[in-house]
Amino acid sequence: MKTQAEISRIRGFGVHAKERVSVNNNMIELNETNFGQEVLNSTQPVLVEFWAGWSDPCKAMAPMLESVAENEAVPVKVVRVNVENHENLTEQYGVRSVPTLLIFNQGGLQDQIVGRTTEQVVRERLERLK
């Protein structure tokens, strides 16, 4: 069980500019400061989930995204942006609904999935990057 301090850090509060905040071993919580390093400068494809804690579809997709992050067949970094805490990123990428998944490769936005989706759909979209 996470402590209140860890939960606050995961939500993006008190995060140092260059610090990586892991939601678990395979997923990273992003903020405006580390987005560029973790996504735009990444050497591997990145799946960014824009999510909100009150969203049932976001909660339902969490295990699927963890499975995608753990699968080594299609290497991808899975990261999350809480739309309530990071409105600038949400606006910058035109996110109007949660969950929204953005797929980046070599620093550029390659694909987008809006709304609840399946692991198969996500994997198919990631396969297109090969």
Alpha-carbon radius of gyration plus Dmax, which is the widest Cα pair, for the stretch 19-120 in Å: 12.3, 33
In the stretch 23-98, which chymotrypsin sites (Phe, Trp or Tyr not before Pro) fall in coil by DSSP and have 12 or fewer other Cβ atoms within 10 Å? W54
Amide H to amide H under 5 Å from K77: which residues, 5+ apart in sequence or cross-chain, H placed 1.01 Å off N in plane? V46, L47
Computed for the stretch 71-130: size of charge dipole around the Cα centre, +1 on C-beta of each Lys and Arg, -1 on C-beta of each Asp and Glu, debye to nearest 20, value 140 debye
At 0.36 nm per residue, minus the direct Cα-Cα distance, what do A52 and E119 gain on full extension? Give it in nm, one decimal, please. 22.2 nm
What full-extension length gain, to one decimal in nm, is calculated for N71 and L109 as 0.36 nm per residue of separation minus the Cα-Cα distance? 11.5 nm
Each label sits 7 Å from Cα toward the beta-carbon; between E127 and Q92 the label points are separated, in nm, by 3.2 nm
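Read the figures in this text as sums done on the coordinates, not as results from a lab. Model, not experiment: these values are computed from the prediction. A quick note on method: Cβ atoms are made from the backbone with ideal geometry, for glycine too, and the neighbour counts reach across all protein chains shown.
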